[in-house]
1. Given the condition among the β-branched types (Val, Ile, Thr) and more than 27 Å from ARG11 (Cα to Cα), answer yes or no: does some residue in region 244-258 qualify?
2. Which one of HIS207, HIS112 is under 22 Å from TYR257 (Cβ atoms) and either modelled with pLDDT of 95 or more or touching a Cys at 6+ places or on another chain (Cβ under 9 Å) (or both)?
3. Scanning region 400-452 for residues that are surrounded by fewer than 19 Cβ atoms within 10 Å (Cβ to Cβ), out of contact with any helix residue (DSSP H, G or I) (no Cβ under 6 Å at 6 or more places or on another chain) and β-branched (Val, Ile, Thr), which turns out modelled with the lowest pLDDT?
4. Run VAL420 past the list (1) out of contact with any Phe, Trp or Tyr (no Cβ under 8 Å at 6 or more places or on another chain); (2) outside any loop (DSSP other than H, G, I, E, B); (3) in contact (Cβ under 8 Å) with a residue 60 or more places away in the chain; (4) of a type in the set (A, V, I, L, M, F, W, C) and report the number of the one that doesn't hold.
5. Within region 410-417, can one find any residue that is assigned to a helix (DSSP H, G or I) and under 23 Å from the mean Cα position of the chain (by Cα)?
6. Mind checking whether some residue in region 179-189 is closer than 21 Å to PHE245 by Cα, touching a residue at least 40 places away in the same chain (Cβ under 8 Å), surrounded by 22 or more Cβ atoms within 10 Å (Cβ to Cβ) and touching a His at 6+ places or on another chain (Cβ under 6 Å)?
7. When you look at GLU197, is it without any contact (Cβ under 8 Å) to a residue 12 or more places away in the chain and of a type in the set (D, E, K, R), yes or no?
8. Pairs, please: C-beta under 8 Å, at least 6 apart or cross-chain, first residue free of Cβ contacts under 8 Å to residues at least 12 places away in the same chain and in a helix (DSSP H, G or I) and in region 338-357, second open to solvent by 50 Å² or more (accessible area, probe 1.4 Å) and of a type outside the set (S, T, N, Q)?
Amino acid sequence: MNWNTCHAPGRFGQNNASPAQRTPYERDFDRLIFSSAFRRLQDKTQVFPLPGPVLVHNRLTHSLEVASVGRSIGKLAGEELLASTGETFSDASKEFYAYNLSSVIAAACLAHDIGNPSFGHSGEAAISAYFEYAAPMPLNGSTLRAQFTDAEWKDLTNFEGNANSFRILTHPYAHRQPGGYRLTFSTLAAIAKYPCESTGTTKGVLHKKKYGFFQADKAAFSNVAEQTNMIPDGNAPLSWKRHPFVFLVEAADDICYRIIDWEDAHRIGILDAHTASTHLINLLETAPDATAQMPGIKRTMDELKNDPREQLAYLRAKCINYLVVTCAKAFAGEQQNLLNGTLDKPLLDLLPIGSINALENINQVTIQKIYNHETVVKIELAGYEVMKALLEEFIPAMLSNSPTHKQKKILKLLPAQFSVVGESTPYLKALSVVDFISGMTDLYAMEMYKNLRGISLPVHSS
């Protein structure tokens, strides 16, 4: 792999691209913005319950902010690469890194959470827990577990939002055009944080901590890896080294959720202004140019002393700017490790040690006061109950060789694009149900749960 061969403007599932005034990567961004899967993120929990009297981030606003940060990191990283080793770039690559890398990273950031189910990360855990719980359930003269191979079962009992994102973007759902969203290979490679199958996950190995594609999507991922010259890391299980662009997308996401969650926590009264501002100022004081910058920062803070929210918004902007610039420089400083696949830590772990410690302090407060807050825990528990109940209805109905009258009715609720025809395997049938349920918004999943449990009746709307 080198900087000239790791980007590809060709589109997954499309041989001939139509001419356009926009670059292929700008078109990736636009396709995602206007997609229904992206739009549904507006009613998917980020951290705090939705909706409420105070506006907090949902998956959509989080993704938009990550894309904004990602665009900045991509622009600066491209400039840093060209400035450091410009003589090694082809003319096409010079143009790509000067003008297009930022669009690739922004588009990948938009898509990075598109596969996350309802109710935050507890939605992922709930899907996995259902299959473990239901494994001994009698089905077709055997058990549910007996319907799947070991690798297929690993997918279902360790459901992964990252793999689901890749599936949504590339899978040819029924009655839809082949190739999914037909994004460029560059953008698809940039979202692959964990380029391995579920049987290849390995604790302590960055690119194998989780997995990035289902068994059903191995051929599609192999195509993307080949087109962008990703480095193979094993055939059984199938895996690759991370693509360099992944580190920029990961950094944008890490920056946003570490910093911006604090604004929400303060807004709804979980985190006091003093604690929040003190930790953010501590981070800024670790910057190499802090001696020159901090007097101006403290003057501005004093000017805003009567509005704690505005103070936090200001500190958030300063912290994000510092982290963006520093991560872009770290990326350019690790070129050889990025290209040969040996970089084994996120870009935020390459910051000055003082900054790493300040971010860890922020992270510890986040875990203690935000992620374990009563309202957050309650939404996670609700997610477990709702997702489990929906799967209990749809999975047996889809897999049964002799569905009951009720199960036949249940299957009529499955939208046409998730239908499976012909000699489909139990795994593909189960995956189609998971496709449907994982794509639900929080509100839709809750309403479906209430309807199927007889708690409330549906209301017709035109």
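1. Yes; the residues of region 244-258 include at least one that is among the β-branched types (Val, Ile, Thr) and more than 27 Å from ARG11 (Cα to Cα).
2. Of the residues listed, the single one that is under 22 Å from TYR257 (Cβ atoms) and either modelled with pLDDT of 95 or more or touching a Cys at 6+ places or on another chain (Cβ under 9 Å) (or both) is HIS207.
3. VAL421
4. Answer for VAL420: the failing condition is (2).
5. Checked against the condition, which is being assigned to a helix (DSSP H, G or I) and under 23 Å from the mean Cα position of the chain (by Cα), region 410-417 yields at least one hit.
6. Within region 179-189, one or more residues are closer than 21 Å to PHE245 by Cα, touching a residue at least 40 places away in the same chain (Cβ under 8 Å), surrounded by 22 or more Cβ atoms within 10 Å (Cβ to Cβ) and touching a His at 6+ places or on another chain (Cβ under 6 Å).
7. no
8. Every condition considered, the pairs that remain are ILE356/ASP349.
The values are calculated or read from the model by the stated rules, or taken from the named source; none is laboratory data. It should be emphasised that the depicted structure is a prediction, and the values quoted were computed from it without experimental measurement. Note that each Cβ is placed from the backbone with ideal geometry, even for glycine, and that neighbours are counted across all protein chains shown. Please note that ligands, DNA and RNA were not included when accessible areas were found on the heavy atoms of the full protein model with its side chains. Shrake-Rupley method; radii C 1.70, N 1.55, O 1.52, S 1.80 Å.
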